[in-house]
Structures are given as structure tokens and as C-alpha cells.
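Rule-based calculations on the coordinates, nothing more; no lab input. Remember, it's a predicted structure, so these values are computed and weren't measured experimentally. Glycine gets a Cβ as well: all are built from the backbone with ideal geometry, and neighbour counts include every protein chain shown.
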Amino acid sequence: MDPIVLADAAENLYPARMQMALSLGWHIVFACFGIAFPLITVVSEWLGHRRGDGTLTDLAHTWAKAMGVLFAAGAVSGTLLSFEMGILWPGLMDRFGEVFGFPFVLEGFAFFIEAIFVGVYLFGWNRLSPRAHMLSAVPMIVSGMAGAFFVVAANAWMNNPTGFRLDADGRVVDAQPWAAMFGPSTWPQVVHMLLAAYMVTGFTVASVYAVGMLRGRRDRRHRAGLLVPLAFAAALTPVQIGVGDWIANTVADNQPVKLAAMEAQYETTAGAPLSLGGIYQDDELRWALEIPNGLSLLIHHDPDGVVPGLEEVPPDERPPVNVVHLAYNAMVGLGSALLLLAVVSGWTWWRRRDIPRTPWFLRAVAVSGIAAIVAMEAGWVTTEVGRQPWIVHGLLRTADAVSPASGLYLGLYGVVAVYAVLTVLTAIVLRRLARSPDTPAPQEADAGTPDRAAGEVAVR
Amino acid sequence: MTLAEVLLSCMFVGLVAYGLFAGADFGAGIWDLLAGGTRRGARQRQLIEHTIAPVWEANHVWLIFVLVVLWTAFSGAFAAIVTTLYIPLTLAAFGMIARGAAFAFRKSITTLPMRRFLGAAFALSSLVTPYFLGSVVGAVASGRVPPGIAAGDVLTSWLNPTSALGGVLAVLVCAYLAAVFLGADARREGADDLAEQFRTRALGTAAATGALGIAGLFVLRADAPLLFDGLTGRGLPLVVLSVVAGLVALVFLWRRRFLPARAASALAVTAILLGWAAAQYPYVLLPELTIEEAARGRATLVAMLVALAVGALVLVPALAYLYALFQRSPGGEVREGPTSAPGPRAGAT
């Protein structure tokens, strides 16, 4: 390769990483709603029908429309991602596409099914019988979760590449896509993500109604709108903490350097402490709060277990420690705070069949949505930045996978601009939907012929 | 047929579906752009929105399908294409985002300036996105994408006569397909004057497409001789089929028989896309990389074929159900229920 092209690749690396991070970080929030919102909505619809409670079915209808808006935003941002996989990281796709590309094919089908049934579910409101309508949601729920499985499985493969051999020249031979889809990281990562999606969706939707209640709207609709999603999120938060332990152990077994970066630990230590906060400088973590033997206890379930440090690998194979360590701490800290909220909610519900009557509870719920989103993003920063400098752990460096095409870095500006506009628009539409629930969702066809519609327009 | 050819054919089925469904979808956006002022164009825009609202996401998933099949089964060719052509592809992706977002959100927004902004974004991106995609096809078909990562020229690969021809042709075909589809829908909805309007437009765009097609032959002979040879050689029967189907569609349109015109038009577009495939066979990237060279490991190809077969078994009934549900339930027959009170429509007031 001539030197000009190489210079371009180096120049492209940082903007390409930022572009991917922004695109993924934006998409993942909407993907969460695509995964978890259908079930929460249908449960509300089902409760409404079973109890003959119009408030709950109305609520479900509003949520279905919000789901349509969020699904549309997720769909268009997902399209960009599938282009970016090749445009930004051709080295990855060229060399390993045949090994780990397969789950994306399955994800294509899952997404297609979900798109179809989101359309059916929205269009079928009041057109199908309640039973048929709720049944039409089942493919939507299943395919949303299946899609998450496939995408996260591909990511898990990048953390723990399996299902192939390399020949003497480093070329892939004997690619086994099914085996590649079920590597050691797949299940812990998938379960962690599915639970995160329910937490993000549950807390975020509940927070909308908590804000309404703080403003004095204490009607049945607001109470139910807070309770149903909060019940999902609160029930799953303790499970998520347990799954966190599972995934941390998977990382310790397969990516010890990532774990060392998460804990900002330089030296290989027996009886390693659990470090909270602090700044990593000159191979040392300063000003951190340490829980003695905590890390060894967590990872080996033995206070004197040996935990490898960053010193085990040369400096050019270590990730940026501060980003990983602080992102990890942020995720765990916010997760713990959400656990506290979940425990308080669960306790009061168990004792009194009611939510706590203090405004502090509503304030906590009001910020829980943002907290859950930040925790989820921090988790992705931990796993993605923690894998650096590798794009495929131990096999392919990110710097070697980036496209050397000249001018590629300009794409970052475009993506920043596009997502800024898209964020504002989504916010406007959702606000409008919250204020007047009659606003139609994108997938809903206008009821009425052009003639009638034009007539109505003229009347106004 | 080898395993690789079967897979590439499946990918091509996705490409044809994308061309037909998303093509009509883009075209509807183009007519939205040309519908005239806010008041005058309102009824046309209503029809357009009504026709594509429920299915627009499903239409565009075909492209994702094409991409993932390419990158898994023909990873090297995929990497070569998307890196050399990253500029038109990125612009097309931005166009899809602008289009999807604007279309999805504009009916939920009532303020006029905002609706105008979104409407403009929807319509403009409907025009430029098929242009960029057509220019990508032109680049691949004229052999301007060599194997290797970013090995081709990132500018001249898509700024050249064949790409320009591909882009303009794509826009015209989208507009034509949409006019035929919308004409049929307007007829079904009983809006005969709108049906007439779209019939005139379909005839007009058909004439323009035909004229450009003939002029295009000379462009191809000068700019892309390999493709020209293929189209007039192995691909000739398909090209002829496309022309005949196009003429038949015109006859049906002339007689105001929209539904057969729809089928004949779809056949014409399918045939010309297949003609391109036949002209390029056995190369994925003209003039070097053949299908067999580009195909990856056997286990991957088999896994994909299994997935495609099972996926199709699930997908086809679901898709059929979706289209059937929309086609047989015009908006007027809303079942009355506790929550069916029609809200204030976000009309173009």
C-alpha cells in the first residue's frame, strides 16, 4: 500500500470510531424500545380488556403509537448502521464477514417480521377483535427479542471470536457460522442487553407519568401509566444485578485485560480490591475508594484470588483505562441506585398495594429513565472501549480494519448533523403524543379517502 | 447452478423486490415534491400518504437483506463496493434517514412551517436517494469497482456517464412505478380525477424513460462496452422482454386498466434488472472477480441458504397478511369501539 493511503487510514481511525459510536449509541436507545415496549404495551392492553378498564386500553393505544414513532426512528438509524459496517470497517467485513455476518442475516428477517407486525398492530387497533389484535403482537414481541439476540451475538463474537480457523497467512478457513453465533460471551451479553432494554423502557415510560404527577395530574391514567412500566423495570432490576456478576466473570475468563481496565488495575494482584472512581495516571489509580479484596471475591468468590492486571500485556494492547473504568463505575453506580428504587417500590407495593406517597419517590422515578439510559450507554462504552485496541479480540486491530478511503472523516460531520435534527424531531413528536394522545403514529394509515380528507381540511 | 449462484440469485430477488416496492415508495415521494402548493397538492399528498404509510418500513428492509447477504456470503466484494462507493452510499443512507424520519413524523406534527420543512425533506430525499443508488449500480455495472478495499477512485467511480445514466433512469423508473401504483389506488378509492392525473404522469414518465433508455444505449456503448456487449448479447432476451412488457403496460394504461398495467410495469422493471445480472454474469465485479472467486466458505453459504428458506417460510405469509389487511380494509370501515373516536387529523391546513 502506498504511504498516502496509509496516512488516510490513520487519519480516518478516530473520526470513524466516533461516527460508529454516535450511530450505535443513538440507535441502541430506540432499539431498547423496539425490544421491550411491545410486551409492556400488550400487557397493559390485556389488563384493560380483562378488567374492562378503558383507562388501561387507552394507555396501551397511546403507547402503541409512541412505539410506532420510536420504531420508525430505530429503523432509519439501523439502516445507516448496516451501511457503516462496511463503509467504516471494511477490514473487519472483508476478513471475517463470512464468520460473524450470519446473525445479521437472521436479524434482517427478525426486523422484517417486527416491522410487519408493528404495522399490523397499529393498523389493527379497533379493526381486529381484541383477541386477534393481542395475538398479532406476539410475533412483534418475539421478533424484537430475537433481533436483539442476533445483533448482540455478533458483538459477542467480536469479544470472543470462535467458529473458524486461521491458516498460516492469517486467512479464515473452515468458517462455522452457527458455532460463531454461540461463543462464550453470547448468552451473558444477550441476557444483560434484554434486561437492560426492559429497564430502559420501563423506567423511561414510568418517568414520563411521574413528571405528569409531579405537575399535579394525579388521575387514574397517570397512576396506571407509572405503575405498569415501573412494575416491569423494578421486577427485572435485581435480576440484572445478578446477570452483571455472570457477565463480569465471563469477561474475567475471556478478556482479562478488559477486566483490568474496568478496575483500573495495573499490577497482577492476589486479594485485589474493588476500586470505585479515581483517575488512572502513570500505571496507577489515584484517589479511588477501595473495597479490600472486593474484586477477588467477586471474580473468584475467594478473597485471595489472583486477578491479572494491565501489566500482563504490552502498552499497545491496553484500552484507554480511564474511559473504561469510569464508564463501568457509572453503570454499576446507576444500576445500584435503580435497584434501591426498585426495592422501595416493591416493598411499598407489597405492604400497601400503592406507590410511596412522597414527592421524592416521584422525583426519583422522574429521573430513573435518564439514569437507565445513561447506565446502558455506559455499559456499551465499557464493553466496546474495553475491547480496544482490538476490533476482533486478539486477532484484528481496529486501526487495521478502518477504511483508508480519502475524505472518510467528513462523514462524521454529516452524522452529527443528521442525528442532531433527528433527536429534536423525535422529541417534538413524542411530546406532542404525550400531550394529545390522538396524534397518529407513522405506520397508521389515515382513515378516510382523499376526498373526505380533503373535505375535512377545507372545513378547517 | 452452484451454491454461490443460488445465493446471489436470492440476493437479486431481494434487489428486485427493493426496486419494485421501495422504488414505488421513492416515486411517491417524487410526486409529493411535484404535487404543487400546499392547498392544491393536499389531496395528492393525502393519497400518497395513505398509500405508503403502513408499508414503508417493510419496503425498505429489502435493502438491508441485500446488504447482509452480500457481506456474509461475498464479504470481499461487499467491502470493495462500499469502500470505493462510500460517498454515494453515505448520501443515500442520509437520504433514507431524512425520508423515513420526515415521512414518519410529519403526520404527527401540526404546525405549518414544521410540516413544510418535513414535507420538503421527504420529497427532496425521495428524489436524490434513488439517484445515488442508481449511480452505485452504474458504477458496479460499468466495472469501476475493482476488488480490494477502497481500491477504486472514490469520485470518478460514481461521477461518470454510466452512473449518471443509472441515477436518472432510477429516478424516472421510481416515478413511473409510483404513478401507476398510485393511479390504481386512486381508482380503488373512487378518486377518478386523481387517477386520471396519475395516468397522464405515468404515460409521460414512460415516454421519458423509453427515450432515455434508447439514448442510454449509446452512452453504454461508449462508456461501458463490456456491459453493452452483455446487454446486447446474453442479456438481450431479457432486455427485449422488458421493452415488450413496458409497451404492454402503456397499452393498458391508455385503456385505463390500472391493475394489469401495474403487473406489466413490474415485469418490465424486473426484466431489465435481470438483464443487468445476465449481462454481468459470471462476474460480481467486472472485469475481474467472478461469483465463484468472490463466494466465501461452504458452511457459511449452506447456513445462509437454510436461513433464507426458513426465513421465507415465515416472512412470505406475514407479508401477504400485511398487504391483504391493508388492501381489504379501506379506512372508512373503522369498527366502532370505545377508543375509536377519530382524533383531530394532522391535516395540511
Counting only residues 5 or more apart in sequence or on a different chain, those whose built amide H sits under 5 Å from that of A:I391 are A:L396, A:R397, A:T398
For the protein assembly as shown, the charge dipole (Cβ of Lys, Arg +1; Cβ of Asp, Glu -1; about the Cα centre) points to a positive end, and the Cα of A:S368, B:A24, A:G108 closest to that extreme belongs to B:A24
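What is the magnitude of the charge dipole of the range B:3-328 about its Cα centre, with +1 placed on the Cβ of each Lys and Arg, -1 on the Cβ of each Asp and Glu, and no other charges, expressed in debye to the nearest 20?
Numbers: 23 positive and 16 negative charges, 230 e Å.
About 1100 debye.
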The simple spin-label model distance between A:D253 and A:L166, using points 7 Å out along Cα→Cβ, in nm, is 2.3
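Take the Cα pairs of the protein assembly as shown, get the Kirkwood Rh, then feed it into Stokes-Einstein at 37 °C and 0.692 mPa s and tell me D in µm²/s. Could you put the intermediate results ahead of the total?
Numbers: Rh = 27.9 Å.
This corresponds to a translational diffusion coefficient of 117 µm²/s.
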Karplus-derived 3J(HN,Hα) from phi for the range B:77-92 (6.51 cos²θ - 1.76 cosθ + 1.60, θ = phi - 60°), whole Hz, x at Gly and Pro, runs 5, 4, 4, 5, 5, 6, 7, 5, 9, 5, 5, x, 5, 5, 5, 5
The range B:16-102, Kirkwood Rh and Cα Rg, ratio Rg/Rh at 1.08
Using the Cα gyration tensor of the range A:27-177, the equivalent ellipsoid's semi-axes, largest first and to the nearest Å, work out to 39, 14, 11
Treating only Lys and Arg (+1) and Asp and Glu (-1) as charged, each at its beta carbon, one finds that chain A has a dipole about its Cα centre, in Debye to the nearest 20, of 2980
Quick calc, B:R256 & B:R116: beta-carbon distance into FRET formula, R0 30 Å, rounding 0.05, result 0.30
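What does the helix-only formula give at 222 nm for chain B: each DSSP H stretch with n ≥ 4 adding -39500 (n - 2.57), the total divided by the residues, and the result rounded to the nearest 500 deg cm²/dmol? Present the calculation step by step, with values, prior to reporting the outcome.
Numbers: 14 runs with 261 residues, N = 349.
The per-residue figure over chain B is -25500 deg cm²/dmol.
Among A:99-109, A:390-400, A:19-29, what's the highest-first ranking by average C-beta atoms within 10 angstrom per residue? Spell out each step's value before the answer.
Numbers: A:99-109: 26.3, A:390-400: 18.3, A:19-29: 19.8.
Highest to lowest by the protection proxy: A:99-109, A:19-29, A:390-400.
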Quick P(r) readout (the range B:3-328; Cα-Cα; 20 Å bins; whole %) gives 31, 59, 10
The simple spin-label model distance between B:E196 and B:L212, using points 7 Å out along Cα→Cβ, in nm, is 2.8
The range B:271-293 and the range A:105-151 have their Cα centres apart by a whole-number Å value of 36
Computed ³J(HN,Hα) along the range A:399-406: with the Karplus parameters 6.51/-1.76/1.60, θ = phi - 60°, integer Hz and x for glycine or proline, the list is 5, 8, 9, 6, 6, x, 4, 6
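If you build the Cα gyration tensor of the range A:281-398 and take the root of 5 times each eigenvalue, what three semi-axes come out, in whole angstrom, biggest first? Don't jump to the answer; show the numbers that get you there.
Details: eigenvalues 261, 67, 33 Å².
Whole-Å semi-axes of the equivalent ellipsoid: 36, 18, 13.
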HN-Hα couplings for the range B:224-235 via Karplus (6.51, -1.76, 1.60; θ = phi - 60°), in whole Hz with x for Gly/Pro, come out as 9, x, 4, 5, 4, 4, x, 5, 8, x, 4, x
At the level of C-alpha centres, the distance separating the range A:186-217 and the range A:264-326, in angstrom, is 31
Taking placed amide H atoms and a strict 5 Å upper bound, the residues 5 or more places from B:T290 or on another chain that come that close are B:V284
